[in-house]
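*Asks:* Sharing a structure, written as C-alpha coordinates. Questions coming.
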Amino acid sequence: DTGVSQNPRHKITKRGQNVTFRCDPISEHNRLYWYRQTLGQGPEFLTYFQNEAQLEKSRLLSDRFSAERPKGSFSTLEIQRTEQGDSAMYLCASSLGHNSNQPQHFGDGTRLSIL
Amino acid sequence: SQELEQSPQSLIVQEGKNLTINCTSSKTLYGLYWYKQKYGEGLIFLMMLQKGGEEKSHEKITAKLDEKKQQSSLHITASQPSHAGIYLCGADESAGGTSYGKLTFGQGTILTVHP
(Lines give C-alpha, C1' and ligand atoms only; values in the text may rest on other atoms or scores of the structure.)
Protein backbone atom coordinates (compact mmCIF):
# COMPACT_ATOMS: atom_id res chain seq x y z
CA ASP A 1 0.00 0.00 0.00
CA THR A 2 1.85 3.04 -1.30
CA GLY A 3 -0.84 5.56 -0.45
CA VAL A 4 -2.42 8.19 -2.68
CA SER A 5 0.15 9.83 -4.96
CA GLN A 6 -0.23 13.27 -6.53
CA ASN A 7 1.94 14.95 -9.15
CA PRO A 8 3.33 17.48 -9.38
CA ARG A 9 3.65 18.65 -5.77
CA HIS A 10 3.99 22.24 -6.83
CA LYS A 11 2.97 24.07 -10.01
CA ILE A 12 3.69 27.69 -10.79
CA THR A 13 2.19 29.09 -13.94
CA LYS A 14 1.17 32.33 -15.56
CA ARG A 15 -2.43 33.45 -15.67
CA GLY A 16 -4.18 32.14 -18.74
CA GLN A 17 -2.15 28.95 -19.05
CA ASN A 18 -3.59 25.45 -18.82
CA VAL A 19 -2.46 23.05 -16.10
CA THR A 20 -3.04 19.35 -15.48
CA PHE A 21 -2.64 17.43 -12.23
CA ARG A 22 -2.48 13.71 -11.77
CA CYS A 23 -3.69 11.51 -8.93
CA ASP A 24 -2.88 7.83 -8.43
CA PRO A 25 -5.22 6.36 -5.80
CA ILE A 26 -4.58 3.44 -3.51
CA SER A 27 -4.86 0.34 -5.65
CA GLU A 28 -8.29 -1.33 -5.57
CA HIS A 29 -9.94 1.85 -4.28
CA ASN A 30 -12.88 2.39 -6.60
CA ARG A 31 -13.79 5.87 -5.37
CA LEU A 32 -11.65 8.89 -6.13
CA TYR A 33 -12.30 12.45 -4.95
CA TRP A 34 -10.90 15.88 -5.77
CA TYR A 35 -10.95 18.71 -3.24
CA ARG A 36 -9.59 22.25 -3.24
CA GLN A 37 -8.15 23.91 -0.14
CA THR A 38 -7.26 27.56 0.32
CA LEU A 39 -5.20 28.97 3.17
CA GLY A 40 -6.96 28.85 6.52
CA GLN A 41 -9.89 26.82 5.24
CA GLY A 42 -10.88 23.19 5.18
CA PRO A 43 -10.94 21.30 1.88
CA GLU A 44 -13.91 21.92 -0.42
CA PHE A 45 -15.37 19.13 -2.52
CA LEU A 46 -14.94 19.45 -6.29
CA THR A 47 -15.90 16.13 -7.85
CA TYR A 48 -15.73 12.38 -7.41
CA PHE A 49 -15.61 9.17 -9.42
CA GLN A 50 -16.80 5.67 -8.82
CA ASN A 51 -14.54 3.60 -11.05
CA GLU A 52 -14.46 5.55 -14.32
CA ALA A 53 -17.83 7.25 -13.87
CA GLN A 54 -17.89 10.86 -12.68
CA LEU A 55 -20.85 10.89 -10.31
CA GLU A 56 -20.99 14.45 -9.07
CA LYS A 57 -19.48 17.85 -9.72
CA SER A 58 -19.60 20.77 -7.33
CA ARG A 59 -20.82 24.19 -8.37
CA LEU A 60 -17.25 25.26 -7.58
CA LEU A 61 -16.14 23.36 -10.67
CA SER A 62 -16.53 25.93 -13.45
CA ASP A 63 -16.45 25.08 -17.14
CA ARG A 64 -12.70 25.67 -17.09
CA PHE A 65 -12.25 22.62 -14.89
CA SER A 66 -12.43 19.07 -16.17
CA ALA A 67 -11.60 15.80 -14.50
CA GLU A 68 -11.21 12.34 -15.94
CA ARG A 69 -10.57 8.85 -14.73
CA PRO A 70 -10.37 6.97 -18.03
CA LYS A 71 -9.66 3.44 -16.86
CA GLY A 72 -10.93 3.67 -13.33
CA SER A 73 -7.43 3.92 -11.93
CA PHE A 74 -5.53 7.24 -12.02
CA SER A 75 -7.33 10.55 -12.50
CA THR A 76 -6.40 13.90 -14.00
CA LEU A 77 -7.73 17.35 -13.15
CA GLU A 78 -7.25 20.01 -15.82
CA ILE A 79 -7.74 23.73 -15.40
CA GLN A 80 -7.93 25.78 -18.57
CA ARG A 81 -7.18 29.50 -18.82
CA THR A 82 -6.07 29.70 -15.20
CA GLU A 83 -7.06 32.70 -13.09
CA GLN A 84 -5.59 34.18 -9.91
CA GLY A 85 -8.44 32.72 -7.90
CA ASP A 86 -7.41 29.21 -8.91
CA SER A 87 -4.37 29.42 -6.64
CA ALA A 88 -4.92 26.74 -4.01
CA MET A 89 -3.94 23.28 -2.85
CA TYR A 90 -5.66 20.59 -4.90
CA LEU A 91 -6.14 17.41 -2.92
CA CYS A 92 -7.03 13.95 -4.15
CA ALA A 93 -8.47 11.22 -1.97
CA SER A 94 -9.56 7.65 -2.53
CA SER A 95 -11.70 5.16 -0.67
CA LEU A 96 -12.77 1.58 -0.94
CA GLY A 97 -16.45 1.09 -1.55
CA HIS A 98 -19.25 3.61 -1.41
CA ASN A 99 -20.58 3.44 2.10
CA SER A 100 -19.76 5.60 5.05
CA ASN A 101 -17.72 2.85 6.72
CA GLN A 102 -14.77 3.53 4.47
CA PRO A 103 -12.58 6.54 5.27
CA GLN A 104 -11.06 8.64 2.51
CA HIS A 105 -7.28 8.60 2.32
CA PHE A 106 -5.65 11.75 1.02
CA GLY A 107 -2.57 12.47 -1.04
CA ASP A 108 -0.14 15.28 -0.22
CA GLY A 109 -1.77 17.55 -2.77
CA THR A 110 -0.63 19.75 -5.63
CA ARG A 111 -0.07 23.38 -4.72
CA LEU A 112 -0.95 25.68 -7.62
CA SER A 113 0.35 29.23 -7.75
CA ILE A 114 -0.83 31.60 -10.48
CA LEU A 115 1.46 34.50 -11.29
CA SER B 1 -25.78 21.75 2.62
CA GLN B 2 -24.13 20.80 5.85
CA GLU B 3 -21.92 23.28 7.70
CA LEU B 4 -19.34 22.42 10.30
CA GLU B 5 -18.01 24.88 12.86
CA GLN B 6 -14.80 24.10 14.72
CA SER B 7 -13.65 25.69 17.95
CA PRO B 8 -11.27 27.01 18.89
CA GLN B 9 -9.75 28.24 15.64
CA SER B 10 -6.30 27.99 17.18
CA LEU B 11 -4.86 26.59 20.36
CA ILE B 12 -1.45 26.98 22.01
CA VAL B 13 -0.62 24.63 24.86
CA GLN B 14 2.39 23.60 26.88
CA GLU B 15 3.67 20.07 26.39
CA GLY B 16 1.94 17.66 28.75
CA LYS B 17 -1.34 19.58 28.90
CA ASN B 18 -4.70 18.14 27.87
CA LEU B 19 -6.82 19.84 25.25
CA THR B 20 -10.17 19.54 23.48
CA ILE B 21 -11.28 20.58 20.01
CA ASN B 22 -14.98 20.78 19.17
CA CYS B 23 -16.87 20.32 15.93
CA THR B 24 -20.53 21.36 15.67
CA SER B 25 -22.81 20.57 12.78
CA SER B 26 -25.85 22.40 11.47
CA LYS B 27 -27.43 19.02 10.67
CA THR B 28 -27.43 15.51 12.09
CA LEU B 29 -24.15 13.80 11.41
CA TYR B 30 -24.25 10.44 9.67
CA GLY B 31 -20.52 10.01 9.63
CA LEU B 32 -17.93 12.22 11.29
CA TYR B 33 -14.25 12.01 10.42
CA TRP B 34 -11.25 13.55 12.16
CA TYR B 35 -8.12 14.29 10.17
CA LYS B 36 -4.78 15.87 10.98
CA GLN B 37 -2.85 18.00 8.51
CA LYS B 38 0.67 19.34 8.63
CA TYR B 39 1.19 22.62 6.79
CA GLY B 40 1.59 22.06 3.05
CA GLU B 41 0.78 18.36 3.27
CA GLY B 42 -2.21 16.10 2.87
CA LEU B 43 -4.72 14.96 5.46
CA ILE B 44 -3.98 12.02 7.72
CA PHE B 45 -7.01 9.99 8.80
CA LEU B 46 -7.39 9.74 12.57
CA MET B 47 -10.82 8.37 13.43
CA MET B 48 -14.35 7.91 12.17
CA LEU B 49 -17.52 8.05 14.27
CA GLN B 50 -20.98 6.98 13.18
CA LYS B 51 -23.20 6.16 16.11
CA GLY B 52 -24.66 8.52 18.68
CA GLY B 53 -22.64 8.34 21.88
CA GLU B 54 -19.76 6.59 20.14
CA GLU B 55 -16.26 7.07 21.48
CA LYS B 56 -12.99 5.94 19.94
CA SER B 57 -9.41 6.20 21.13
CA HIS B 58 -6.04 5.84 19.48
CA GLU B 59 -2.94 6.33 21.56
CA LYS B 60 -3.53 9.64 23.38
CA ILE B 61 -6.35 10.89 21.16
CA THR B 62 -10.03 10.29 21.95
CA ALA B 63 -12.93 11.31 19.75
CA LYS B 64 -16.59 11.36 20.78
CA LEU B 65 -19.87 11.88 18.98
CA ASP B 66 -22.79 13.12 21.08
CA GLU B 67 -26.10 11.29 21.33
CA LYS B 68 -27.88 13.77 19.09
CA LYS B 69 -25.10 13.36 16.51
CA GLN B 70 -24.62 17.07 16.00
CA GLN B 71 -21.43 17.60 17.93
CA SER B 72 -18.09 15.84 18.13
CA SER B 73 -15.05 16.47 20.27
CA LEU B 74 -11.41 15.48 19.93
CA HIS B 75 -9.44 15.22 23.15
CA ILE B 76 -5.69 14.91 23.40
CA THR B 77 -4.20 13.76 26.67
CA ALA B 78 -0.69 14.79 27.73
CA SER B 79 0.03 16.66 24.50
CA GLN B 80 3.40 16.37 22.77
CA PRO B 81 5.07 18.52 20.10
CA SER B 82 4.30 15.73 17.62
CA HIS B 83 0.59 16.49 18.08
CA ALA B 84 1.04 19.94 16.55
CA GLY B 85 -0.77 20.55 13.29
CA ILE B 86 -4.18 21.38 11.90
CA TYR B 87 -7.09 19.25 13.01
CA LEU B 88 -10.05 19.01 10.67
CA CYS B 89 -13.45 17.46 11.18
CA GLY B 90 -15.30 16.26 8.11
CA ALA B 91 -18.91 15.17 7.74
CA ASP B 92 -20.22 12.57 5.38
CA GLU B 93 -23.20 13.98 3.52
CA SER B 94 -25.53 11.05 3.74
CA ALA B 95 -29.24 10.49 3.89
CA GLY B 96 -31.15 7.49 5.08
CA GLY B 97 -28.00 5.51 5.66
CA THR B 98 -26.77 5.89 2.11
CA SER B 99 -23.46 7.68 1.88
CA TYR B 100 -22.94 10.27 -0.80
CA GLY B 101 -19.23 9.90 -0.11
CA LYS B 102 -18.19 13.50 -0.38
CA LEU B 103 -17.05 15.22 2.80
CA THR B 104 -17.80 18.68 4.10
CA PHE B 105 -15.03 20.01 6.34
CA GLY B 106 -14.78 22.48 9.16
CA GLN B 107 -12.31 25.33 8.84
CA GLY B 108 -9.73 23.55 10.97
CA THR B 109 -8.10 24.11 14.38
CA ILE B 110 -4.42 25.00 14.47
CA LEU B 111 -2.68 23.33 17.40
CA THR B 112 0.71 24.48 18.65
CA VAL B 113 2.44 22.53 21.41
CA HIS B 114 5.37 24.23 23.13
CA PRO B 115 8.05 21.91 24.57
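*Asks:* Given the structure, is B:LEU74 touching a Pro at 6+ places or on another chain (Cβ under 9 Å), in a strand (DSSP E or B), buried (at least 19 other Cβ atoms within 10 Å of the Cβ) and on the phi < 0 side of the Ramachandran plot?
*Replies:* Values: touching a Pro at 6+ places or on another chain (Cβ under 9 Å): no; in a strand (DSSP E or B): yes; buried (at least 19 other Cβ atoms within 10 Å of the Cβ): yes; on the phi < 0 side of the Ramachandran plot: yes.
No, not satisfied.
*Asks:* Out of region B:1-14, which residues are assigned to a loop (DSSP other than H, G, I, E, B), loosely packed, with under 15 Cβ neighbours inside 10 Å and either modelled with pLDDT under 90 or in contact with a His (Cβ under 6 Å, 6 or more places away or on another chain) (or both)? Break it down into steps so the answer makes sense when it comes.
*Replies:* Within region B:1-14, the first condition is being assigned to a loop (DSSP other than H, G, I, E, B), and the residues that meet it are B:1-3, B:8-9.
Right, trim to loosely packed, with under 15 Cβ neighbours inside 10 Å and you get B:1, B:3, B:8-9.
Matches in region B:1-14: B:SER1, B:GLU3.
*Asks:* Right, next: Assess whether B:ALA63 counts as being modelled with pLDDT of 95 or more and assigned to a loop (DSSP other than H, G, I, E, B). Step through it out loud before you land on a result.
*Replies:* Working: modelled with pLDDT of 95 or more: yes; assigned to a loop (DSSP other than H, G, I, E, B): no.
So B:ALA63 fails the test.
*Asks:* Quick check on this structure: which one of B:LYS56, B:LYS17 is more than 10 Å from every other protein chain (Cβ to nearest Cβ), in a loop (DSSP other than H, G, I, E, B) and either farther than 27 Å from A:HIS10 by Cβ or touching a strand residue (DSSP E or B) at 6+ places or on another chain (Cβ under 8 Å) (or both)?
*Replies:* Working: B:LYS56 fails: in a loop (DSSP other than H, G, I, E, B).
Exactly one of B:LYS56, B:LYS17 is more than 10 Å from every other protein chain (Cβ to nearest Cβ), in a loop (DSSP other than H, G, I, E, B) and either farther than 27 Å from A:HIS10 by Cβ or touching a strand residue (DSSP E or B) at 6+ places or on another chain (Cβ under 8 Å) (or both), namely B:LYS17.
*Asks:* So is B:GLY101 in a strand (DSSP E or B), of a type in the set (Gly, Ala, Ser) and without any contact (Cβ under 8 Å) to a residue 24 or more places away in the chain or not?
*Replies:* Values: in a strand (DSSP E or B): yes; of a type in the set (Gly, Ala, Ser): yes; without any contact (Cβ under 8 Å) to a residue 24 or more places away in the chain: yes.
In short, yes.
*Asks:* Looking only at region A:66-115, filter to residues that are hydrophobic (A, V, I, L, M, F, W, C) and in contact with an Asp or Glu (Cβ under 7 Å, 6 or more places away or on another chain); which one of those is nearest to B:LYS102 (Cα to Cα)?
*Replies:* Initial filter on region A:66-115 (hydrophobic (A, V, I, L, M, F, W, C)): A:67, A:74, A:77, A:79, A:88-89, A:91-93, A:96, A:106, A:112, A:114-115.
Subsequent filtering for residues that are in contact with an Asp or Glu (Cβ under 7 Å, 6 or more places away or on another chain) retains A:74, A:79, A:96, A:112, A:114.
Numbers: A:PHE74: 18, A:ILE79: 21, A:LEU96: 13, A:LEU112: 22, A:ILE114: 27 Å.
Among residues in region A:66-115 that are hydrophobic (A, V, I, L, M, F, W, C) and in contact with an Asp or Glu (Cβ under 7 Å, 6 or more places away or on another chain), the one nearest to B:LYS102 (Cα to Cα) is A:LEU96.
*Asks:* Find all pairs meeting these conditions: Cβ atoms under 7 angstrom apart; at least six residues apart or on different chains; first residue within region A:2-18 and at positive phi; second residue surrounded by 13 or more Cβ atoms within 10 Å (Cβ to Cβ).
*Replies:* Note: pairs meeting the criteria are A:GLY3/A:ILE26; A:GLY3/A:HIS105; A:GLY16/A:THR82.
*Asks:* Additional query: Suppose we filter A:THR82, A:THR38, A:THR20 for residues that are touching a strand residue (DSSP E or B) at 6+ places or on another chain (Cβ under 8 Å), farther than 21 Å from B:GLN37 by Cα and surrounded by fewer than 16 Cβ atoms within 10 Å (Cβ to Cβ); which single one remains?
*Replies:* A:THR20
*Asks:* Within region A:69-108, take every residue that is over 15 Å from A:LEU32 (Cα atoms), part of a loop (DSSP other than H, G, I, E, B) and modelled with pLDDT of 95 or more and give me the one that is farthest from the other protein chains (Cβ to nearest Cβ).
*Replies:* Out of the qualifying residues, it is A:ARG81.
*Asks:* Which is crowded, with 16+ Cβ neighbours inside 10 Å and within 20 Å of B:PRO115 (Cβ to Cβ), of B:TYR30, B:TYR87, B:TYR39, B:TYR35? Walk me through how you get there before you give the answer.
*Replies:* Details: B:TYR30 fails: within 20 Å of B:PRO115 (Cβ to Cβ); B:TYR39 fails: crowded, with 16+ Cβ neighbours inside 10 Å; B:TYR35 fails: within 20 Å of B:PRO115 (Cβ to Cβ).
That would be B:TYR87, the only listed residue that is crowded, with 16+ Cβ neighbours inside 10 Å and within 20 Å of B:PRO115 (Cβ to Cβ).
The values are calculated or read from the model by the stated rules, or taken from the named source; none is laboratory data. Note that the structure is predicted; figures quoted are calculated from it, not measured. Heads up, the Cβs are rebuilt from the backbone with ideal geometry, glycines too, and the neighbour counts pull from every protein chain shown.
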